[in-house]
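Down below is the structure, laid out as structure tokens.
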Amino acid sequence: MKRFHFCLLPLLAILHTSNVNLSAQEFTGFESRQMGDNISLIYSVEHERPGQLFSFESYYSVDGDRTFRPLQAVWGNIGQGVPGGRNQIFVWDVLEDVHELRGDVTFKLKGRHHSLQTLEEEFSDVVFELVSLHRIENNRLELVLNITNEGPGRDLKIFNRLISITGFNMRKYEAQWGEVGGVVGRERYSAPQRTLKTGESVKAVFRFHRIPDDLDRIMRLDVGAELLTITYGIDLEIGNMQFRDLPVLNKPADEMKEPAVHSFEITTTAAFNIEPVEVADTVPPAITFISPKPEDFNDDGVLKVTENNLMLKGTATDESGVSQLIVNGRNVRLKPDGNFKTEVNLQPGNNEITVRAIDTRFNSIEHKLLVSRKAPPGEDALSDIQELDMMLAVKRPTTYYAFIVGVNEYPDPTIVPLQNPVSDARKFANVLTEQYMFEKENVILMENATRADIIDELDRLTRRVTKDDNLLIFFAGHGFFDLETELGYWLLKDASFTSTANWMANSQIRDYIGAIRSRHTLLIADACFSGGIFQTRKAYAEPYDQLDRIYTKPSRKAMTSGNLSEVPDESIFLQYLVKRLEENKRSYILAEELFSSFKPIVMSKTSTEPQYGDIKGTGDEGGDFIFRRRD
């Protein structure tokens, strides 16, 4: 049975790697991982222009690189119009192309410039276009934005300190100087303010000081802004725009020539054994720690140290082979014998280190290590997690609400009934109430709900949820996306295929999310969600970065199961969402980290690519939903 979404939204072993024909753009990594009978291929492209898109072609060789054949059954970041960036992934369905795959296999990836797209974010009808991020003299970076007001006349205020860049090493830099439409702010706390007429465009420039020479790419650019509209009263809107995985140029983008249409390529070789035989392996990998040793921990299971980093050594083994080892959200390379070594940065106070291993048959295991670092004189002795605990204890108690909907039954004979959404919804509700801080009385589970049922409950939530509370909304069932109108819908029990009267428009869901006064709202849809109101983002499974700030800033985030017209009624997306929540050993896990931790598995087991991002126009200010485990 297929669950129709009708939705069109926009064994690790590296033995040999080579780069060819490098110029402006280049591959900076290429590796392969076996996941079941599929192979995930991960690559990075750097030194591209902001907004530059590429065409990528992939090939394989099993005869020592003498002949290469194209990979045909592939999906993900492959083909035409693919952006550059780090850790791009595509999946090869091996047995769809070949009968079996044994021995050494060399993969070749070719890239070629395709086009340039405009990078822009919108906040309340004000469009922020990224023009350039480049180096200037005296170890500084300069950011250039073009800002256009497509709404009514109002004042735009931007605090320099709310313009920040974050590197892949998690170091954050705030702008020290800014100019908006000729209005200059020369200090970090300055706030250039400019009146914008309808249709007016202005140039904004911000500068960052003391930037390391080796910062050639940033993980995230945050742009915070305020809009002040005076009509019969004063209307203040606060927004946060975000750009991700951006190159740092050596000179302004408008001084650069159009990208040359040249080819660049990279290869990687690994050994595989994939054949059309069902492998009965349900045993997860084994992780053994060499340093620190188990006896190094005290009776409470805590390792006490004074250094600001910890060298973690151990082995990860499995009869089917270990595909991936992850330490605090970062992939760690395994040696052929299963040994690994990685350095973990420690904050003063308590630190949680999670080590997770996944084998080639999708079995996984996770261990948590507790490390307490003594703070040097003058340093804060509290870690981010402890600070967040204190903040939550001092403020009004936070209530976690969940509204969970699963629809199997469709009386309209032209809509095929489903078997699994209701049971999926129950599983999800159970893991929330049993392992996380969702009390049963605050979890609303609706089975085979009608449109009126959904609206009535959303109305109740607008009155019940406060600004200190968090809300999770989950839907599993049929969905529909109209290509002509670009409108997305959820189909509830009373839906008729010939009339949209009882369909639930994604835009209406968005309006309710904007109206509910929660601190954080997370929408999880095992159905399509309209691309017009959903700003997809590249998600990272990175260590926590100022967890208390992430929690304090309001968020309106969404994750969806995929971008194809139909997915199996048995949802792989939901299966691994629940599995990841069950296996999590951390006290907290962010929604973005949760999503990015299971997305590659969903991609390798299905031909869908899950999506994550912000819900436009609902008050997202750059925070994130945090799942808190029960003690």
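The values are calculated or read from the model by the stated rules, or taken from the named source; none is laboratory data. What you see is a predicted model, and the numbers here were worked out from it, not measured in a lab. Heads up, the Cβs are rebuilt from the backbone with ideal geometry, glycines too, and the neighbour counts pull from every protein chain shown. Keep in mind that these areas ignore ligands, DNA and RNA; they rest on the heavy atoms of the full protein, side chains included. Shrake-Rupley method; radii C 1.70, N 1.55, O 1.52, S 1.80 Å.
Could you list, in sequence order, the residues of region 319-336 that are under 20 Å from residue 351 (Cβ atoms) and either acidic (Asp, Glu) or open to solvent by less than 30 Å² (accessible area, probe 1.4 Å) (or both)? Once the filter is applied, which keeps residues that are under 20 Å from residue 351 (Cβ atoms) and either acidic (Asp, Glu) or open to solvent by less than 30 Å² (accessible area, probe 1.4 Å) (or both), region 319-336 yields 325, 326, 327, 328, 329, 332. Pairs are defined by a Cβ separation below 7 Å, a sequence spacing of at least 6 or placement on different chains, a first member in region 66-80 that is within 14 Å of residue 42 (Cα to Cα), and a second member that is aromatic (Phe, Trp, Tyr) and surrounded by 15 or more Cβ atoms within 10 Å (Cβ to Cβ); the pairs so defined are 74/90; 74/92; 75/90; 76/90; 77/90; 78/56; 78/90.
Just to be sure I understand, how many residues within region 169-180 are open to solvent by 20 Å² or more (accessible area, probe 1.4 Å), closer than 16 Å to residue 223 by Cα and not in a strand (DSSP E or B)? Give the derivation first.
Residues of region 169-180 that are open to solvent by 20 Å² or more (accessible area, probe 1.4 Å), as a first pass: 169-174, 176-177, 179.
Filter again for closer than 16 Å to residue 223 by Cα, leaving 172-174, 176-177, 179.
Pick out the ones that are also not in a strand (DSSP E or B) and you get 176.
Number satisfying all stated conditions: 1.
Within region 129-168, restricting attention to residues that are part of a strand (DSSP E or B) and of a type in the set (Val, Ile, Thr), the residue that is surrounded by the fewest Cβ atoms within 10 Å (Cβ to Cβ) is 136. Of all residues in region 382-402, one or more are open to solvent by less than 10 Å² (accessible area, probe 1.4 Å), modelled with pLDDT of 90 or more and under 27 Å from residue 523 (Cβ atoms).
Residue check: residue 316 meets all listed conditions (1) aliphatic (A, V, I, L, M); (2) over 28 Å from the mean Cα position of the chain (by Cα); (3) open to solvent by less than 20 Å² (accessible area, probe 1.4 Å) but one, namely (2).
One residue is enough: does region 430-437 have a residue meeting the conditions closer than 18 Å to residue 518 by Cα and open to solvent by 10 Å² or more (accessible area, probe 1.4 Å)? For region 430-437, residues closer than 18 Å to residue 518 by Cα and open to solvent by 10 Å² or more (accessible area, probe 1.4 Å): present. Scanning region 82-117 for residues that are within 29 Å of residue 218 (Cβ to Cβ), among the small types (Gly, Ala, Ser) and surrounded by fewer than 16 Cβ atoms within 10 Å (Cβ to Cβ) yields a total of 1. Check whether at least one residue in region 66-78 is open to solvent by less than 10 Å² (accessible area, probe 1.4 Å) and in contact with a Lys or Arg (Cβ under 7 Å, 6 or more places away or on another chain), and report yes or no. Checked against the condition, which is being open to solvent by less than 10 Å² (accessible area, probe 1.4 Å) and in contact with a Lys or Arg (Cβ under 7 Å, 6 or more places away or on another chain), region 66-78 yields no hits at all.
Somewhere in region 193-208, is a residue among the aromatic types (Phe, Trp, Tyr) and open to solvent by less than 20 Å² (accessible area, probe 1.4 Å)?
First pass over region 193-208, keeping only residues among the aromatic types (Phe, Trp, Tyr): 206, 208.
Imposing the further condition that a residue be open to solvent by less than 20 Å² (accessible area, probe 1.4 Å) reduces the set to 206, 208.
Checked region 193-208: at least one residue is among the aromatic types (Phe, Trp, Tyr) and open to solvent by less than 20 Å² (accessible area, probe 1.4 Å).
Step by step: first the residues of region 438-476, then only those that are part of a helix (DSSP H, G or I) and either in contact with a Gly (Cβ under 8 Å, 6 or more places away or on another chain) or more than 22 Å from residue 508 (Cβ to Cβ) (or both), then the one that is most open to solvent (accessible area, probe 1.4 Å). Which residue is that? Here the answer is 440.
Taken over region 217-251, the residue count meeting the criterion of being out of contact with any strand residue (DSSP E or B) (no Cβ under 7 Å at 6 or more places or on another chain) and in a loop (DSSP other than H, G, I, E, B) is 3.
Criterion first (touching a Ser or Thr at 6+ places or on another chain (Cβ under 9 Å), of a type in the set (A, V, I, L, M), open to solvent by 60 Å² or more (accessible area, probe 1.4 Å) and more than 30 Å from residue 225 (Cβ to Cβ)) does residue 62 satisfy it?
yes
In the condition set (1) modelled with pLDDT of 90 or more; (2) in contact with an Asp or Glu (Cβ under 6 Å, 6 or more places away or on another chain), residue 83 is compliant with all but (2). Only a single item in (1) at pLDDT 95 or above; (2) over 21 Å from the mean Cα position of the chain (by Cα) is not met by residue 78, and it is number (2). Criterion first (within 19 Å of residue 32 (Cβ to Cβ) and aromatic (Phe, Trp, Tyr)) does residue 340 satisfy it? It is true that residue 340 is within 19 Å of residue 32 (Cβ to Cβ) and aromatic (Phe, Trp, Tyr). Of the strands (runs of 3 or more DSSP E) that lie entirely inside region 538-631, those containing 1 or more residues that are open to solvent by less than 40 Å² (accessible area, probe 1.4 Å) and either under 24 Å from residue 352 (Cα atoms) or modelled with pLDDT of 85 or more (or both) span 555-560, 588-590, 611-615, 626-628.
Of all residue pairs spaced 6 or more apart or on separate chains, those with beta-carbon atoms under 7 Å, a first member in region 91-106 that is farther than 18 Å from residue 67 by Cβ and a second member that is among the small types (Gly, Ala, Ser) and assigned to a helix (DSSP H, G or I) are 91/604.
Tell me which residues, restricted to region 483-503, are in a strand (DSSP E or B) and either among the basic types (Lys, Arg) or more than 26 Å from the chain's Cα centre (by Cα) (or both). Walk me through it before giving the result.
Our first condition is that a residue be in a strand (DSSP E or B); within region 483-503, this holds for 487-491, 496, 499, 503.
If the condition is that a residue be in a strand (DSSP E or B) and either among the basic types (Lys, Arg) or more than 26 Å from the chain's Cα centre (by Cα) (or both), then 491, 496, 499, 503 are the ones that fit.
Within the bounds of region 183-205, is there any residue that is under 30 Å from the mean Cα position of the chain (by Cα), among the hydrophobic types (A, V, I, L, M, F, W, C) and under 30 Å from residue 42 (Cα atoms)? No, region 183-205 has no match at all.
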